[in-house]
Amino acid sequence: MRIGIICPSEIAFRRFLPALKKMDFDYVGVAYATAEEWFGKDVNDASSAVIDNERKKAESFKETYGGKVFNGYDALLTSGEIDAVYLPLPPALHYKWAKRALEKGLHVLVEKPSTASLADTEELVRLAKEKGRALHENYMFVFHSQIETINEVVRSGAIGEVRLFRIDFGFPDRGKNDFRYNKALGGGALLDCGGYTFKYANLLLGGNAEVKTANVLYTDKYDVEIAGSATLQNDKGQVAQVSFGMDNDYRCSVEIWGSLGTLRSGRILTAPEGFVPSYEISKNGKTERFEMQADDAFYKSLRHFESCIKNENDRKRNYAALLKQSSLVNAFCELGR
């Protein structure tokens with residue numbers, strides 16, 4: 001299975017390619033945008049500096065990992081040299097390039113979120129079904145072994161009956177040049193860190209969560225939402241509260257409040273390869289801490305992508321997961337208005 005990368009991004013260099021080396025995929029190369037692909041009709045003298053920087057980043061991929069450098073995203077997609085493509089682009093560009101890839105009969109691994117709207121995600125899923133191609137949204141944290149370990153602890157009754165799930169994900173301001181603060185590129189806390197909290201909340205609630213409340217926070221500093229919070233509920237009446245933000249003290253945690261105790265864990269959504277996660281259980285003022293296993297969630301997400309390529313049933317389950325995630329984000333937007 002031959003795979004290429006659209007856009008020489010940091011996550012592709014630092015996380016994707018090291019994980020890919022453990023797989024049976026054949027890495028073909030990376031594409032950087034042409035001036036027209038990047039700027040559209042607004043190409044000017046300043047454009048060349050931006051594109052030259054992208055080319056230099058792409059060349060660093062070649063120096064470190066081998067493969068070719070393609071001058072243009074379309075050049076890669078139409079090369080006939082790949083069977084699958086990885087898209088680590090800003091959210092607003094996912095739909096355009098994932099659609100083109102699917103139309104070319106390619107399997108698509110797209111960074112989260114799949115697209116910036118429910119309608120666009122529905123169209124990509126429709127096209128993937130029509131072409132019989134895998135479409136995988138890279139929320140890699142769900143494949144980390146710590147997720148199942150925590151599930152097992154809760155199922156064991158160690159904290160009693162669950163009264164409340166609580167998930168928080170936020171990080172400090174990354175600066176105005178980061179795409180997350182650019183509305184035209186699909187920026188905003190909801191599509192970035194907010195999507196993680198909805199994804200995990202739905203898993204904890206058994207896969208049938210619905211958004212019941214939504215709150216959005218803006219500041220004068222940026223034209224995108226900077227933070228938000230929501231309440232989700234399943235058909236059994238269980239509740240998950242989530243909060244997220246891009247101008248926050250760092251937090252990436254889950255808290256599960258039970259009738260007998262409370263479980264807490266940090267780095268639940270962002271544990272890197274080799275990191276040893278832990279959780280603690282508090283009962284009436286006494287706290288015990290437990291270590292979990294290190295894992296490589298990116299590698300396991302790639303293995304799932306490979307499974308979706310090979311197995312129709314896995315593809316169908318993945319389509320459903322994509323639509324559920326996008327529908328939760330859309331419901332939040334509707335309520336948040």
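Readers should treat all values here as calculations from the given coordinates under stated rules, not as data from a laboratory. Everything quoted here is computed from the prediction, not taken from an experiment. Here the Cβ is made from the backbone with ideal geometry for all residues, glycine too, and neighbour counts use every protein chain on show.
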Provide the FRET efficiency to the nearest 0.05 for the residue 155-residue 283 pair, computing r from the beta carbons and using R0 = 22 Å. 0.80
Magnitude of the charge dipole, the chain, Cβ model with Lys/Arg +1 and Asp/Glu -1, debye to 20: 600 debye
Total formal charge among the other residues, if their Cβ is under 11 angstrom from that of residue 26, Lys/Arg +1 and Asp/Glu -1: -2
State the answer as a single residue: which of 188, 134, 149 lies farthest towards the positive end of the charge dipole of the range 73-210, with beta carbon charges of +1 for Lys and Arg and -1 for Asp and Glu, about the Cα centre. 188
Work out which helices of the chain, taken as complete DSSP H runs, extend at least 24 Å along their axis over the Cα atoms and score a mean Kyte-Doolittle of -1.0 or more, then list them. 312-336
Spelling it out for residue 164: with amide H atoms placed in the peptide plane at 1.01 Å from N, the residues 5 or more places away or on another chain with amide H under 5 Å from its amide H are 257
Starting from the 7 Å offset along Cα-to-Cβ, what nm value, one decimal, do you get for the label separation of residue 96 and residue 213? 3.9 nm
Among (1) 37, 26, 14; (2) 35, 22, 20; (3) 42, 19, 17, the entry matching semi-axes √(5λ) of the Cα gyration tensor in Å as calculated here is (2)
Which aspartates and glutamates have a Cα less than 17 Å from the Cα of residue 286, not counting those fewer than 8 places away in the same chain? 255
Given R₀ = 22 Å, what would the calculated FRET efficiency be for residue 300 paired with residue 250, taking r from the Cβ atoms and rounding to 0.05? 0.35
Checking 108, 153, 211 against a Gaussian network model of the chain (alpha-carbon springs below 10 Å), the top fluctuating residue turns out to be 153
Would you pull out the residues with amide H under 5 Å of residue 68's amide H, same chain only if 5 or more places away, H placed 1.01 Å from N? 29, 30
Within the range 132-148, the residues whose backbone N lies under 18 Å from a label point placed 7 Å from the Cα of residue 10 along the Cα-to-Cβ direction are 140
Peptides 156-162, 115-121 ordered by average Cβ neighbours within 10 Å, highest first: 115-121, 156-162
Cβ-based charge dipole, the chain, positive-most Cα from 297, 160, 66: 160
At q = 0.16, 0.20 Å⁻¹, what base-10 log of I(q)/I(0) does the Debye formula yield for the range 56-130 when every alpha carbon is treated as an equal point scatterer in vacuo? -0.60, -0.88
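In debye, nearest 20, what is the charge dipole magnitude of the range 1-145 about its Cα centre with +1 on Lys and Arg Cβ and -1 on Asp and Glu Cβ, if you could check?
The dipole of the range 1-145 has a size of about 400 debye.
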Work out how much length residue 276 to residue 257 would gain on full extension: take 0.36 nm times their residue separation and subtract the Cα-Cα distance, in nm to one decimal. 4.5 nm
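Provide the packing ranking of 293-302, 133-142, 9-18, i.e. peptides ordered by the mean count of other C-beta atoms within 10 Å per residue, highest first.
Result, highest mean Cβ count within 10 Å first: 133-142, 293-302, 9-18.
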Rounded to whole angstrom, the alpha-carbon centroid of the range 197-229 lies from that of the range 233-294 at a distance of 17 Å
Going out from 0 in 5 Å bins, what whole percent of all Cα-Cα distances in the range 142-217 drops into each bin? 3, 11, 19, 21, 15, 13, 9, 5, 3, 0
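Would you mind calculating the relative contact order of the range 182-319 from Cα pairs under 8 angstrom and at least 6 residues apart, reporting the percent as a whole number?
Values: 209 pairs, mean separation 20.1, N = 138.
It rounds to 15 percent for the range 182-319.
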